[in-house]
Each structure stands twice: as structure tokens, then as C-alpha cells.
Amino acid sequence: AQSVTQPDIHITVSEGASLELRCNYSYGATPYLFWYVQSPGQGLQLLLKYFSGDTLVQGIKGFEAEFKRSQSSFNLRKPSVHWSDAAEYFCAVGDPGGYQKVTFGTGTKLQVIP
Amino acid sequence: SQTIHQWPATLVQPVGSPLSLECTVEGTSNPNLYWYRQAAGRGLQLLFYSVGIGQISSEVPQNLSASRPQDRQFILSSKKLLLSDSGFYLCAWSGLADFTGELFFGEGSRLTVL
């Protein structure tokens, strides 16, 4: 069964500092990988996705993520965090075998301090 | 363009009362439909998903049920609510014919069971 682990429940960074959110997945082959962001009381918005090809993917709002097969990881990065980036971030894995199932991690809540 | 509507946005119900949350999608045909629950500190838990009318897959044994009476309508129900049913419920859809795992979420329904 596919699974996703986000080891950091809560992260605090200063505005302007760099950010890396960790994500590890478990899947028998190369899955589809996603990062979503959720503002308080809202639904989720897709930041970026990886299906195949270039292992470094660019997303919206200046985010990027790198797929590392050897480490089963898909970490999210941003070189300079803005106060508006404060939100909860979810990593997710989809089954390219057509099973139609998407599994989410438990999320990382990002706090940005001035 | 595609849109997803979910209602009610907020619901306060007594223990033992019934529940009905509705979700409809516009602007697409034959979507995959999903119900997720988000409880504090537990991330997004997949409850049900559907690949077609009347086709429901349950991920977690629980006090809830789902139905898909029409192609773009997905309903989450309970006959008797428990305290543990409290949470933030999110409906989502994805493309069936070209499934990539990318989900599009509604704004969510916050359920409080007292």
C-alpha cells in the first residue's frame, strides 16, 4: 500500500530565510507526487506535481521540489519565504497504475516570523 | 471551467443525529470523486472514492457512508453521528479518463458533533 510521511509537524522560519519541507513516500514503483498548500479553513491548492522526467519541478509561488528515487523523497523548497507562505503543506502520492487513489501525508504547518 | 461546490460550510449537530453533506462538480464529466476528513494533527484521511455512478470504495471502516446518485454528485451521510465524527470534510474531484492524481478540492465543511 502506498504511504506518505512528513516528519515535521510544525516548522518556524524567519521571513526571507530559505525553506525545506520533507516528504518521504512508500510505493512499489515511481508514483505521481504532489505538494498542496492549505490556508486556514480552506480547501487545498496544488503547488506542484511530478509525474516523470526532470526530477526538479517548479511550481507556483516560487516553490520547487526535487524527486530523489534513491531516497524515496520529494522535498519542497523555497529560497526566500514570505509571510504569506504561512499555511499547512501536504505531500501526496498518487497511483499511476490507474487505481485512482491519492494518499496524503499528515501535513507540516509553517509559521513565518518577521 | 470546472468548479466544485460543497455544502453546508458549517454544521453543528448533536450526537445521534443524521448527517448529509453534499458535493457537486460542474464543467466536467465522469470525474473521480473523493471524500476526505481532516482532523487536528491527523492530516487528510481518505474516506471514500468513486469512479462512477453507484461505485463507492470505502477506505476506512466507520460510521459514515457515501453515495453517488448522479455523475457529478457525491453525498456523505451518517444515520447516527458520533463525537469522533467531528472534523473538516473535504470533497475533491479528479479527471477519470486522464487520471494523473491531481485533485481539485472544495472549500470544505466543518462538522462539530456535540
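The values are calculated or read from the model by the stated rules, or taken from the named source; none is laboratory data. All figures in this text were calculated on a predicted structure; none of them were measured in a lab. All Cβ positions, glycine included, derive from the backbone under ideal geometry; neighbour counts span all protein chains shown. Only protein heavy atoms, including side chains, enter the accessible area calculation; ligands, DNA and RNA are left aside. Shrake-Rupley method; radii C 1.70, N 1.55, O 1.52, S 1.80 Å.
The table for this structure:
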| read-out | value |
| --- | --- |
| Farthest toward positive dipole pole in region A:1-85 [+1 Lys/Arg, -1 Asp/Glu at C-beta], among A:P40, A:F63, A:S3 | A:S3 |
| Shape category assigned to region A:37-114 from the gyration tensor of Cα positions, a/c cut at 1.5 | oblate |
| Packing-based order for B:25-36, B:77-88, using average beta carbon neighbours within 10 Å, highest first | B:25-36, B:77-88 |
| DSSP beta bridge pairing in chain A, given as percent antiparallel to the nearest 5 | 85 percent |
| For chain B, size of Cβ-based charge dipole, Lys and Arg +1, Asp and Glu -1, in debye | 400 debye |
| Centre separation in Å (Cα based) which lies between region B:45-93 and region B:19-35 | 10 Å |
| Three-way shape label, chain B, alpha-carbon gyration tensor, a/c 1.5 | prolate |
| Partner chain coverage, peptide A:103-112 - average Cβ within 10 angstrom | 3 |
| Surface per residue (accessible, 1.4 Å probe) for chain A, Å² | 46 Å² |
